[in-house]
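The values are calculated or read from the model by the stated rules, or taken from the named source; none is laboratory data. Worth saying up front: this structure is predicted, and the values here are computed from it rather than measured. Note that we place each Cβ from the backbone using ideal geometry, even for glycine, and neighbour counts take in every protein chain shown.
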């Protein structure tokens, strides 16, 4: 027989087919509804699928809702949801939103739609908003908002968020579900160039946490190995490196919005194996090798003047150095000085133009990945001697530096050794991307959760 599926009979057909366990009819109805999904009806379809036990349809409708959340909250269906359903939405990490303010504004719109009835649910629902991640001025406005002023539970939540801003040194103790950013608000991770099986790669890929997918983005203008990368003014800077033959001083800049490359003024010194980081506006190019010798010099790019200037040199030449910014200082970690890999660490204060030695790591590390989280510095992977040295070992070890105590502590090791590993913070986890394990150049990724001290494959 034939069944005609139309918008006005589909719900009745699907519920009857579910009741009679007519699996082919159920499948046809679900496929029909999947094609009908729109920001104005996806919440209703999601709820209906849940009630009928249609798990595939529920999953597709839920994913559609999350993907199109900005449009969904502008529709009548959202305003008519009961508080229990609003709570489920607000608890999700997967909604596609630019920032947490969007979610708060959506909640307030929903409450005001039926203020008398919904005011009593406000504090319960506000607990699902990641208030500590809102801007301080936004929190100040909230405190004075009549909706929150007379609600003690709301005031407690606002105070918790303000403490998070006022006491940055206590943030490790103030972690909670409300301090964990939603996946779409953490930004994206870029993997730039590197080595594939035999040669230098020119490709750039980006990883989005919410979709858990890598997508190709662009290609560099030429081959580069052992270059530095940093983000400045929402643009990706690729600095120095070598093209296989010679060491480079050139700089190129990629704008992800316009998908265009610009050539920037070159550094004064040719450098490969350098570290690059942005501190309080300017970008620093640290150490490296110029093709002849190991470098202790450091250059600073001034984005306003559009020029490079030298700042104080490090105490030690460092190539394949790891760099990161912590508490307004630039840290240079490990690297190679020509005779050996280094345990030593030094930090630069831009206000005094001086480098200061810090506590040494427990292991020598060249090709080390360095990043920061919550007031700590992490040194990840690397190698302990040049590859020409037959006793050279690659490292899966990770150690953490606490600037308050000037001490390094070993934390959980990665699943495999990774030399020349790319590392960065994305949300509240550290990501170790690619690297070299002694046999092959890697395309695998793992992430570290500092709160559980565990590594997980991505």
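Selection of segment 232-258 for residues being loosely packed, with under 15 Cβ neighbours inside 10 Å and touching a strand residue (DSSP E or B) at 6+ places or on another chain (Cβ under 7 Å) yields 244, 255. Applying the condition of being assigned to a loop (DSSP other than H, G, I, E, B) and under 15 Å from the mean Cα position of the chain (by Cα) to segment 435-458 and asking which residue is farthest from residue 413 (Cα to Cα) yields 458. Hey, any hits in segment 180-203 for a residue that's free of Cβ contacts under 8 Å to residues at least 60 places away in the same chain and farther than 30 Å from residue 420 by Cβ? Scanning segment 180-203 turns up no residue that is free of Cβ contacts under 8 Å to residues at least 60 places away in the same chain and farther than 30 Å from residue 420 by Cβ. Here residue 355 meets the list (1) within 25 Å of the chain's Cα centre (by Cα); (2) more than 19 Å from residue 419 (Cα to Cα); (3) crowded, with 19+ Cβ neighbours inside 10 Å almost entirely, failing just condition (1). Are there any pairs with C-beta distances below 6 angstrom linking a residue in segment 253-282 that is on the phi > 0 side of the Ramachandran plot to a residue that is crowded, with 19+ Cβ neighbours inside 10 Å and at pLDDT below 95, with the two at least 6 apart or on different chains, and if so which? Cβ pairs passing all conditions: 273/226.
Here residue 82 fulfils each of the conditions (1) within 32 Å of the chain's Cα centre (by Cα); (2) under 30 Å from residue 47 (Cα atoms) apart from (1). Restricting attention to segment 292-309 and to residues that are in contact (Cβ under 8 Å) with a residue 40 or more places away in the chain and outside any strand (DSSP E or B), the residue that is nearest to the chain's Cα centre (by Cα) turns out to be 303. Only one of the numbered conditions (1) touching a strand residue (DSSP E or B) at 6+ places or on another chain (Cβ under 7 Å); (2) over 23 Å from residue 372 (Cα atoms); (3) in contact (Cβ under 8 Å) with a residue 40 or more places away in the chain is not met by residue 336, and that is (2).
Residues considered: 38, 58. Of these, the only one that is surrounded by 19 or more Cβ atoms within 10 Å (Cβ to Cβ) and over 30 Å from residue 159 (Cα atoms) is 58. Among the residues making up segment 261-285, those that are closer than 16 Å to residue 231 by Cβ and assigned to a strand (DSSP E or B) are 261, 262, 264, 275, 276, 277, 278, 283, 284, 285. Note on segment 310-334: among residues that are more than 25 Å from the chain's Cα centre (by Cα) and assigned to a loop (DSSP other than H, G, I, E, B), the one that is nearest to residue 395 (Cα to Cα) is 318.
Of the numbered criteria (1) within 29 Å of residue 294 (Cα to Cα); (2) surrounded by 19 or more Cβ atoms within 10 Å (Cβ to Cβ); (3) not assigned by TED's automatic domain parsing to the domain that holds residue 434, the one residue 192 fails is (3).
Inclusion of residue 432 among residues that are modelled with pLDDT of 90 or more and surrounded by 17 or more Cβ atoms within 10 Å (Cβ to Cβ) is warranted.
Going through (1) surrounded by fewer than 24 Cβ atoms within 10 Å (Cβ to Cβ); (2) within 24 Å of the chain's Cα centre (by Cα) one by one, residue 385 falls short only on (2).
Those strands (runs of 3 or more DSSP E) of segment 165-234 in which at least 1 residues are farther than 22 Å from residue 246 by Cα and in contact with a helix residue (DSSP H, G or I) (Cβ under 9 Å, 6 or more places away or on another chain), considering only elements entirely within it, cover 203-208.
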